[in-house]
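To keep things clear, I will list the structure first and then write my remarks on it.
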Amino acid sequence: MSVNNFREKINGFVILIKNFFSSRSDEFLEQRFYIKFFILMLMLFGLVFFSVYAFLMKAESRVQVPSLAALDVLEAASQLQTRGLSPVLISRFSADIPRYQVMEQNPEPGQIVKKSRKISLVVSLGRKIDNMPDFTGLTFFEAKNRILKLFTGFEKPPVIIETREYSS
């Protein structure tokens, strides 16, 4: 293809474009109407498509918080992680609830939250074990004073009763 041939084709294309935007013939105006209508429908379809897509993606990023009370802490954490939620563990002693069992959670079960939200789990450490000091070799009054010192600040101090061993 020669350079002149190429220039003629470019000039022909430019003339066609000029005619498209400046022509006033009825047939050409009708073609322009359909082209504009097609472009408008394409834009409208795109707007609807992206609106629906954005709505679905927003709905997908929210999950319902499961009920985790009375579950083992590992099972509860696993359930949260499979839903895209992050467990935060808080531990407390409890005489009534077995060790490593979930006592409470925040937010409450059934609430709808965003994925990756932190869910607080209060986990039982079981009964609190206190070590009793050694009172052997102390008199009753020394042992009583030590015990009362241990329980200072409690609402009900311990009741200490002296028993005497009688030999027959």
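What follows draws every value from the coordinates through simple rules; no lab data is involved. The structure presented is a predicted model; accordingly, all values stated were derived computationally and were not measured. Using ideal geometry, Cβ is built from the backbone for each residue, glycine included, and neighbour counts are taken over all protein chains shown.
At-a-glance table
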read-out: Net charge over other residues, Cβ less than 15 angstrom from the Cβ of Ala69 (K, R count +1; D, E count -1); value: -4
read-out: For the range 63-124, alpha-carbon Rg and Dmax in angstrom; value: 10.9, 35
read-out: The chain, dipole about Cα centre (Lys/Arg Cβ +1, Asp/Glu Cβ -1), debye to the nearest 20; value: 720 debye
read-out: Reach of Lys18 by Cα under 21 Å, taken over lysines that are not fewer than 8 positions away in the same chain; value: Lys9, Lys36
read-out: Sites Arg146 and Ile90, calculated FRET efficiency, Cβ-Cβ separation with R0 30 Å, nearest 0.05; value: 0.35
read-out: Packing-based order for 138-150, 79-91, using average beta carbon neighbours within 10 Å, highest first; value: 79-91, 138-150
read-out: Net charge of neighbours whose Cβ lies under 15 Å from the Cβ of Phe93, counting Lys and Arg as +1 and Asp and Glu as -1; value: +1
read-out: Cβ-placed point charges (K, R +1; D, E -1), dipole of the range 63-124 about Cα centre in debye, nearest 20; value: 340 debye
read-out: Cα-projected label distance for Val3 with Tyr100, points at 7 Å along beta-carbon direction, nm; value: 8.5 nm
read-out: Degrees, to the nearest 10: 3-22 long Cα axis against longest axis of the chain; value: 80 degrees
read-out: Options Ile17, Thr136, Gly110, ranked by Cα towards positive dipole end of the chain, top entry (Cβ charges); value: Ile17
